[in-house]
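Trainee: Encoded as structure tokens, here's the structure I'll be asking about.
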There are 2 protein chains.
Amino acid sequence: MKYNTMKAVYPSPTTVSENKVQLAHGGGGKLMQQLIKDIIYPAFENPILNQAHDGAVFNMTESKIAMTTDSFVVNPLFFNGGNIGNLAINGTVNDLCCCGATPRYLTASFIIEEGFSFEKLRHIVNAMKKSASESGVDIITGDTKVVQRGLCDGIYINTCGVGTIKESVSISSDRIKTDDVLIISGKIGEHGISILSARNELGFDVDISSDTAPLNKMIGELVEKIDVHFMRDPTRGGVASTLNEIAEQSGRQILLYEELLPIPEAVNNACEMLGIDPLCVANEGCILIFVSKEDEKKALDILHKYEAGKNACRIGEVRNVTSVANVIMHTYMDNYRVIDHFSGEQLPRIC
Amino acid sequence: MKYNTMKAVYPSPTTVSENKVQLAHGGGGKLMQQLIKDIIYPAFENPILNQAHDGAVFNMTESKIAMTTDSFVVNPLFFNGGNIGNLAINGTVNDLCCCGATPRYLTASFIIEEGFSFEKLRHIVNAMKKSASESGVDIITGDTKVVQRGLCDGIYINTCGVGTIKESVSISSDRIKTDDVLIISGKIGEHGISILSARNELGFDVDISSDTAPLNKMIGELVEKIDVHFMRDPTRGGVASTLNEIAEQSGRQILLYEELLPIPEAVNNACEMLGIDPLCVANEGCILIFVSKEDEKKALDILHKYEAGKNACRIGEVRNVTSVANVIMHTYMDNYRVIDHFSGEQLPRIC
């Protein structure tokens, strides 16, 4: 019986560059162990990750738990204000925040294209480390797969996160009430336009950075001190799609005021040139927040204490349904415009 | 200000086949909602998923929790004994089992290639539903991304799972003791060979199905009744790589007996033709189990009650380190062979 390895069928790792990820790095053998030990473990190091088991084992102090996941396929991988690594951590941290949870533990899974450079991988992993440490979460387990050249666009990253929720906190669309105030915690459209700019799809230069940021400290204080009814971050599909989903779920109508929308001039100009609606552009560092009218000032005071919340403002309110439209906007022209979901083909691979 | 959508830049969804996933299905708008409502929700339906929030909120009855994740990039997507959907559920369920946990909740994230057929997607999602229901877990949240044609091999799936661990259970490589018995719960090499066969890389027909199966009921009973010291499933890298990692972590030597290895004749024949070692071939439905000598019979009696465990047997034992080799095998020829990690290039994209 011949127990030699299968070198006749697949090229030996020594025949390809050692500065690049090879198919063999995903095979479950020595090279995979080496990749994980050299690049992944040193960045994410913590006692739970160091268990190095099929999974991670930990204790949760509260029994009410939030869990969320996202795969990141953003193109390009690097852009003004961050890269796919920051997005992968901040996106999952913020989704946990929107559930009213304190983010605790994240997983990180990589699908890497054969030939991807170790240098870029290190850069991305270090960005993940920075974002994780900023938001106080640990990356406790993960997975690495390698696919043949041309079957991935460099790297795709999945993160999954768990967090704990205090018994008193209840964030749910059915808690949205008529006359609730709608607050946005930051400016609109910066992430999407920064990605289009990095893709050179604008045809002109804009001075815009992605707003990607972990919002858990700010939102944590908000949830602790205010009875937040509902929150969601307007990522893919932008403010328009997110509000339409919320309106449908809550059976209410949402009224926006155009003059209150914090859309940076550069975003507005870029959108006007491209013929797209800033309300359909993705955001990665702001959250839509529904609170009672009485809590509006207190909520804004808390948000304004944080860098990520310094531009927080009221942008609308909740009404009983007065027409077939779920979301309407009072415009500069003193009339009303229907804000619809966009159909979906606007900005692929924005996160 | 022109608030029209960006049809000039990306093709309208009406111009491509309606039986296939379009880029617009990943855009966060109406089409994405429709894809999720038509295909994903009906299959996975459960009260937590139906919250339809950025994440899922649930209560855990025990504070000791296991969490694990895996991305599945298997090629081909469909093979004898299952498809990528079964693998994605069973793989994560089994990783939780190996931590001594009762699997509870899973997430499911899809990266789909533009042009992938709805029919195949439904087939895969239904396989996930079947595996999830077989193992009694709920899929409670997820994510869908679509990438351009040629930037994914049809579909990649990530699952992440959480489970609860009883306080009395402690599965850890540092609990492996000298003279412990090594049991394998099923036959060796079936998954890997069934994948190679589906790729037509064997050049001949073999009558082998993947062993993919959720093992939580069987392993649950085992952990409840026996003090299991350590468990891991020998997936990528096979029995050889998994045992080498375990030996390193535990600081012990593992001795296998060639005559005890449950390698099906068809696997042996295929491996001999290809010049690969069955011990390096991936498995998806069996687990390596370390228990004390005294518990061997009781453990085997439990395993044999289950279909997935009917071929369970002792294959080796734990020794003090007697040489530089971590894993050695007593062969049919009455000598000893070193069983090394394989270097990694043997069988890419096996799971």
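The values are calculated or read from the model by the stated rules, or taken from the named source; none is laboratory data. All values derive from a computational prediction rather than experimental measurement. Here Cβ is always computed from backbone atoms with ideal geometry, including for glycine, and neighbour counts include all displayed protein chains. Heavy atoms of the whole protein, side chains included, go into the accessibility calculation; ligands, DNA and RNA do not. Shrake-Rupley method; radii C 1.70, N 1.55, O 1.52, S 1.80 Å.
Trainee: Considering each of B:ALA108, B:ALA101, B:ALA56 in turn, give the residue that is over 13 Å from B:ILE140 (Cβ atoms), open to solvent by less than 30 Å² (accessible area, probe 1.4 Å) and within 11 Å of chain A (Cβ to nearest Cβ).
Mentor: Testing whether each residue is over 13 Å from B:ILE140 (Cβ atoms), open to solvent by less than 30 Å² (accessible area, probe 1.4 Å) and within 11 Å of chain A (Cβ to nearest Cβ) leaves just B:ALA101.
Trainee: Any residue at all in the stretch A:239-253 that's within 14 Å of another protein chain (Cβ to nearest Cβ), in a loop (DSSP other than H, G, I, E, B) and crowded, with 22+ Cβ neighbours inside 10 Å?
Mentor: Within the stretch A:239-253, not a single residue is within 14 Å of another protein chain (Cβ to nearest Cβ), in a loop (DSSP other than H, G, I, E, B) and crowded, with 22+ Cβ neighbours inside 10 Å.
Trainee: Return only the number of the condition from (1) more than 28 Å from B:THR144 (Cα to Cα); (2) facing another protein chain (nearest Cβ under 7 Å) that A:LYS64 does not satisfy.
Mentor: Failed condition: (1).
Trainee: Of the residues that make up the stretch B:4-21, is at least one touching a strand residue (DSSP E or B) at 6+ places or on another chain (Cβ under 8 Å), modelled with pLDDT under 90 and assigned to a loop (DSSP other than H, G, I, E, B)?
Mentor: No; the residues of the stretch B:4-21 include none that is touching a strand residue (DSSP E or B) at 6+ places or on another chain (Cβ under 8 Å), modelled with pLDDT under 90 and assigned to a loop (DSSP other than H, G, I, E, B).
Residues checked against (1) among the aliphatic types (A, V, I, L, M); (2) within 11 Å of chain A (Cβ to nearest Cβ):
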site: B:LYS37; (1), (2): no, no
site: B:ILE48; (1), (2): yes, yes
site: B:ALA52; (1), (2): yes, yes
site: B:ASP70; (1), (2): no, yes
site: B:VAL74; (1), (2): yes, yes
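Trainee: Residues A:LEU49, A:LEU31: which one is open to solvent by less than 40 Å² (accessible area, probe 1.4 Å), more than 26 Å from the chain's Cα centre (by Cα), in the same structural domain as A:LYS120 (by TED's automatic domain parsing) and of a type in the set (A, V, I, L, M)?
Mentor: A:LEU31
Trainee: Next up: Scanning for something at pLDDT below 90 and among the β-branched types (Val, Ile, Thr), does the stretch B:56-64 turn up at least one residue?
Mentor: Among the residues of the stretch B:56-64, at least one is at pLDDT below 90 and among the β-branched types (Val, Ile, Thr), which makes the answer yes.
Trainee: Another question, then. Collect the residues in the stretch B:74-115 that are of a type in the set (S, T, N, Q), in a helix (DSSP H, G or I) and in contact with a Ser or Thr (Cβ under 8 Å, 6 or more places away or on another chain), keeping them in residue-number order.
Mentor: Of everything in the stretch B:74-115, those that are of a type in the set (S, T, N, Q), in a helix (DSSP H, G or I) and in contact with a Ser or Thr (Cβ under 8 Å, 6 or more places away or on another chain) turn out to be B:ASN86, B:ASN90, B:THR92.
Trainee: Something else about it: Taking the stretch B:80-130, which residues are closer than 28 Å to A:GLN51 by Cα and among the polar types (S, T, N, Q)?
Mentor: Correct list: B:ASN86, B:ASN90, B:THR92, B:ASN94, B:THR102, B:THR107, B:SER109.
Trainee: Residues B:ARG175, B:ARG199: which one is within 14 Å of chain A (Cβ to nearest Cβ), surrounded by fewer than 23 Cβ atoms within 10 Å (Cβ to Cβ) and in contact with a helix residue (DSSP H, G or I) (Cβ under 9 Å, 6 or more places away or on another chain)?
Mentor: Testing whether each residue is within 14 Å of chain A (Cβ to nearest Cβ), surrounded by fewer than 23 Cβ atoms within 10 Å (Cβ to Cβ) and in contact with a helix residue (DSSP H, G or I) (Cβ under 9 Å, 6 or more places away or on another chain) leaves just B:ARG175.
Trainee: Of all the residues that make up the stretch B:255-274, how many are open to solvent by less than 10 Å² (accessible area, probe 1.4 Å) and touching a helix residue (DSSP H, G or I) at 6+ places or on another chain (Cβ under 6 Å)?
Mentor: 3
Trainee: For the stretch A:275-351, list the strands (runs of 3 or more DSSP E) that sit wholly inside it and hold at least 3 residues that are open to solvent by less than 70 Å² (accessible area, probe 1.4 Å), more than 14 Å from chain B (Cβ to nearest Cβ) and under 26 Å from B:GLY29 (Cα atoms); which are they?
Mentor: Per the criteria, A:313-319.
Every residue, every condition in (1) within 14 Å of chain A (Cβ to nearest Cβ); (2) of a type in the set (D, E, K, R); (3) touching a Pro at 6+ places or on another chain (Cβ under 6 Å), yes or no:
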{"site": "B:ILE124", "(1), (2), (3)": "no, no, no"}
{"site": "B:LYS129", "(1), (2), (3)": "no, yes, no"}
{"site": "B:SER135", "(1), (2), (3)": "no, no, yes"}
{"site": "B:VAL147", "(1), (2), (3)": "yes, no, no"}
{"site": "B:ASP179", "(1), (2), (3)": "no, yes, no"}
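Trainee: From the list B:SER71, B:SER133, which residue is over 28 Å from A:GLY100 (Cβ atoms), assigned to a strand (DSSP E or B) and of a type in the set (Gly, Ala, Ser)?
Mentor: Exactly one residue qualifies, and that residue is B:SER71.
Trainee: Here is a further query. Please work out if A:LYS166 is among the basic types (Lys, Arg) and within 7 Å of chain B (Cβ to nearest Cβ).
Mentor: So A:LYS166 does not fit the description; no.
Trainee: Let me ask something additional. When you look at A:THR159, is it under 26 Å from A:MET60 (Cβ atoms), polar (S, T, N, Q) and facing chain B (nearest Cβ under 7 Å), yes or no?
Mentor: The answer is no for A:THR159.
Trainee: Using the structure shown, decide if B:GLU134 is in contact (Cβ under 8 Å) with a residue 12 or more places away in the chain, surrounded by fewer than 23 Cβ atoms within 10 Å (Cβ to Cβ), charged (D, E, K, R) and not assigned by TED's automatic domain parsing to the domain that holds B:VAL291.
Mentor: When the stated conditions are applied, B:GLU134 passes them.
Trainee: So, one more: Quick one: is B:THR141 at pLDDT 95 or above, more than 20 Å from B:PRO234 (Cβ to Cβ) and within 14 Å of chain A (Cβ to nearest Cβ)?
Mentor: Spelling it out, B:THR141 is indeed at pLDDT 95 or above, more than 20 Å from B:PRO234 (Cβ to Cβ) and within 14 Å of chain A (Cβ to nearest Cβ).
Trainee: For the condition open to solvent by less than 10 Å² (accessible area, probe 1.4 Å), within 30 Å of B:LEU347 (Cα to Cα) and either charged (D, E, K, R) or assigned by TED's automatic domain parsing to the domain that holds A:ASN216 (or both), what is the one hit in A:LYS145, A:LYS120?
Mentor: A:LYS145
Trainee: State the number of residues belonging to the stretch A:242-280 that are among the acidic types (Asp, Glu) and modelled with pLDDT under 95.
Mentor: Adding up the residues that qualify gives 4.
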